[in-house]
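Let me begin by presenting the structure, written as structure tokens, before commenting on it.
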Amino acid sequence: MTSPSRSGVFSKATDRRVDAFTESISFDHRLYSHDIRASIAHARMLTEQGFYSADEFEQVEAALQEIGARIERAISSHDPLPGGDEFPMGIELEDIHMHIERALIDRLGDAGAKLHTGRSRNDQVATDFRLWVRDAIDGIDAQLVTLQRAFAERCDTDAGVVLPAYTHLQRAQPVLAAHYYLAYCEKLQRDRERLADCRRRVNRCTLGCAALAGTTIAIDRDMVARELEFDGVVRNSIDASSDRDFVLETAFVLTLIAEHLSTWAEEWILWATTEFNFIRLPGEFCTGSSIMPQKINPDVLELTRGKTARVIGNLQTLLTLVKGLPLAYNRDLQEDKPALFDTVDTVSACLQLAAPIVSGSELNRTSIAARLDRGHLDATTLMEYLIKRGKPQRHAHHLVGSLVGLAMDRGVRLADLELSDYQELDETITEEVFECLGVEKAIAAFTSYGSTAPREVERQVTHWRERLANEPTSNADEATP
Ligand code: ARG
């Protein structure tokens with residue numbers, strides 16, 4: 001196979017080791033359907049502009065579609081380098097763009113050899129990748145909705161259940177389980193907003209920017225952009241061929257998603273320990289030990305946490321890759337794809353398992369309830385009770401601290417102290433104080449917006465129920481091909 005990009009300027013073929021070192025076909029074959037789609041749009045525009053006859057265009061379109069179908073079959077058969085006999089791929093042709101063009105030329109001769117009119121691989125790669133990233137964003141977004149639904153549905157499953165909430169991983173205050181689940185809905189919603197915002201900048205067409213300066217050929221960039229459902233074109237051709245902001249932004253947003261999943265995974269790993277005993281993870285999402293028969297290990301959660309490391313690493317790779325690159329296209333940019341592919345694959349795989357684990361787990365309600373009295377979760381409510389009765393916050397804080405000390409010495413709850421214990425520290429305290437003590441009463445005493453107050457949580461649950469009911473349901477399990 002001779003490369004369409006090797007012109008008469010060369011008298012010898014490239015050294016084989018250079019082919020092996022510079023190839024990208026081993027990973028960018030994943031762009032094939034986007035390359036076919038963009039090439040058809042480009043050819044349609046060339047036809048409008050008089051470079052192709054209607055007849056030629058039909059041949060080019062049909063041939064490109066047939067090449068696409070062959071590549072699809074080849075990829076599903078998966079040789080070390082996908083291809084096999086169906087659509088042989090090799091490093092003599094650097095990338096997927098050249099493979100498709102070569103196949104078109106082999107098939108159609110001159111009509112194929114015209115396709116690259118007014119286009120360069122620099123704008124082509126950028127457009128194909130933008131199309132791919134757009135699909136990836138849509139796929140991840142659908143997976144985020146599925147996970148939000150799983151958290152929101154747990155609010156009904158565990159309605160009324162009270163959990164101890166932590167700061168510094170020390171017992172802090174009581175919260176409703178629903179309040180806890182909705183915290184994740186909020187985090188994932190911000191991830192979705194970031195994805196949507198990032199998508200606006202991804203969704204711009206670079207085709208027609210050619211190598212970097214544009215082209216002297218009479219092309220219609222807007223038409224190509226419309227055909228490919230972009231929101232418009234990238235304005236500056238030098239910017240277009242050098243810009244990888246869209247890749248970095250996407251990688252960052254996906255890294256935050258991975259961080260959120262990692263936090264959740266860490267929490268539920270702890271919750272599933274005998275020491276916490278808060279949750280039973282679904283057995284089909286756990287693994288066993290090769291030596292200890294009793295083990296039920298949360299490997300999926302551990303790997304969700306662990307794989308976050310490589311997602312962070314990919315972001316670091318991308319940031320370092322573009323640092324100090326002069327404008328415009330430099331071959332370094334080819335390295336953007338393995339990093340983002342891996343990030344999308346990894347985050348998508350984590351999301352795929354997160355939703356069924358959230359839905360399939362069971363809270364160990366009895367064990368949670370039996371220990372809610374530990375840790376003086378009602379201490380802050382007691383302090384606020386005293387503030388509401390006119391005590392300055394610092395004094396109330398100090399006084400409750402002394403009462404907690406006393407309760408700890410006696411090994412009892414704040415609610416088990418005598419009224420006289422309270423009055424010894426402040427003689428104005430009455431029997432009424434017992435109305436804010438104990439976890440249930442402490443929960444009921446909350447009032448502020450966004451708090452764990454039962455009515456407030458109910459309002460939030462309704463909000464999420466309605467919001468998620470309006471989101472389209474998707475069966476998509478994975479983000480991209
Ligand atoms: N395989 C290259 C990439 O993915 C294609 C762009 C080549 N452009 C060039 N001027 N060599 O970035």
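Mind checking which residues of the stretch 253-264 are free of Cβ contacts under 8 Å to residues at least 60 places away in the same chain and under 29 Å from residue 371 (Cβ atoms)? Full working, then the answer.
From the stretch 253-264, those free of Cβ contacts under 8 Å to residues at least 60 places away in the same chain are 259, 262-263; that's our starting set.
Listed by number, the residues that qualify are 262, 263.
Residue by residue, here is whether (1) within 31 Å of the chain's Cα centre (by Cα); (2) within 21 Å of residue 122 (Cβ to Cβ) holds:
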{"residue": "6", "(1), (2)": "no, yes"}
{"residue": "24", "(1), (2)": "yes, yes"}
{"residue": "28", "(1), (2)": "yes, yes"}
{"residue": "34", "(1), (2)": "yes, yes"}
{"residue": "39", "(1), (2)": "yes, yes"}
{"residue": "53", "(1), (2)": "no, no"}
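For a quick check of your reading of the model, give me the residue pairs whose first member lies in the stretch 115-133 and is more than 14 Å from residue 101 (Cβ to Cβ) and among the basic types (Lys, Arg), whose second is away from the ligand (no atom under 12 Å from the Cβ) and in a helix (DSSP H, G or I), with beta-carbon atoms closer than 6 Å and at least 6 apart or on different chains. Filtered contacts from the stretch 115-133: 130/202. Of the numbered criteria (1) closer than 22 Å to residue 46 by Cβ; (2) part of a helix (DSSP H, G or I), the one residue 150 fails is (1).
In the stretch 256-297, what count of residues is obtained for those that are part of a helix (DSSP H, G or I) and under 26 Å from residue 366 (Cα atoms)? Spell out how you get there, then give the answer.
Start the filter on the stretch 256-297 by keeping residues that are part of a helix (DSSP H, G or I), which leaves 256-271, 283-285.
From what's left, under 26 Å from residue 366 (Cα atoms): 263-271, 283-285.
Matching residues across the stretch 256-297 total 12.
The C-beta contact set for the stretch 315-343 (first residue over 17 Å from residue 252 (Cβ atoms) and in contact (Cβ under 8 Å) with a residue 60 or more places away in the chain, second residue away from the ligand (no atom under 13 Å from the Cβ) and part of a helix (DSSP H, G or I), distance under 7 angstrom, 6+ apart or interchain) comprises 327/238; 328/238. Checked against the criterion of being away from the ligand (no atom under 16 Å from the Cβ), of a type outside the set (Val, Ile, Thr) and surrounded by 16 or more Cβ atoms within 10 Å (Cβ to Cβ), the candidates 37, 16 yield just one match: 37. Counted as qualifying within the stretch 375-481 are the helices (runs of 4 or more DSSP H) with 3 or more residues that are on the phi < 0 side of the Ramachandran plot, surrounded by 15 or more Cβ atoms within 10 Å (Cβ to Cβ) and in contact with a Pro (Cβ under 8 Å, 6 or more places away or on another chain), namely 439-444. Taken together, the residues in the stretch 335-372 that are touching a strand residue (DSSP E or B) at 6+ places or on another chain (Cβ under 9 Å) and farther than 22 Å from residue 184 by Cβ amount to 2. Applying a threshold of 6 Å to beta carbon distances and a minimum spacing of six or more residues, or different chains, the list of pairs starting in the stretch 56-67 at a residue that is assigned to a helix (DSSP H, G or I) and ending at one that is among the β-branched types (Val, Ile, Thr) reads 57/47; 61/40; 64/36; 64/40; 67/100. Selection within the stretch 322-340: residues that are part of a loop (DSSP other than H, G, I, E, B) and near the ligand (Cβ under 9 Å from one of its atoms). The member of this set that is surrounded by the most Cβ atoms within 10 Å (Cβ to Cβ) is 329.
Within the stretch 390-420, the set of residues being in contact with an Asp or Glu (Cβ under 9 Å, 6 or more places away or on another chain), free of Cβ contacts under 8 Å to residues at least 40 places away in the same chain and among the basic types (Lys, Arg) comprises 391, 410.
Just the residues that are more than 16 Å from the ligand (Cβ to nearest atom) and in contact (Cβ under 8 Å) with a residue 24 or more places away in the chain, please, taken from the stretch 90-112. 103, 104, 105, 107, 108, 111, 112, listed by residue number.
The residue list 183, 211, 172 contains one member that is within 16 Å of the ligand (Cβ to nearest atom) and surrounded by fewer than 22 Cβ atoms within 10 Å (Cβ to Cβ), which is 211. For the structure I just gave you, tell me whether residue 29 is within 16 Å of the ligand (Cβ to nearest atom), part of a helix (DSSP H, G or I) and either touching a Leu at 6+ places or on another chain (Cβ under 6 Å) or among the acidic types (Asp, Glu) (or both). In short, no. Residue check: residue 120 meets all listed conditions (1) in contact with a helix residue (DSSP H, G or I) (Cβ under 7 Å, 6 or more places away or on another chain); (2) at pLDDT 95 or above; (3) buried (at least 18 other Cβ atoms within 10 Å of the Cβ) but one, namely (1).
For residue 102, the conditions (1) assigned to a helix (DSSP H, G or I); (2) buried (at least 20 other Cβ atoms within 10 Å of the Cβ) are fulfilled apart from (2).
The values are calculated or read from the model by the stated rules, or taken from the named source; none is laboratory data. Bear in mind the structure is a predicted one, so any value in this text is a computation, not a measurement. Every residue, glycine as well, gets a Cβ built from its backbone with ideal geometry; the counts of neighbours run over all protein chains shown.
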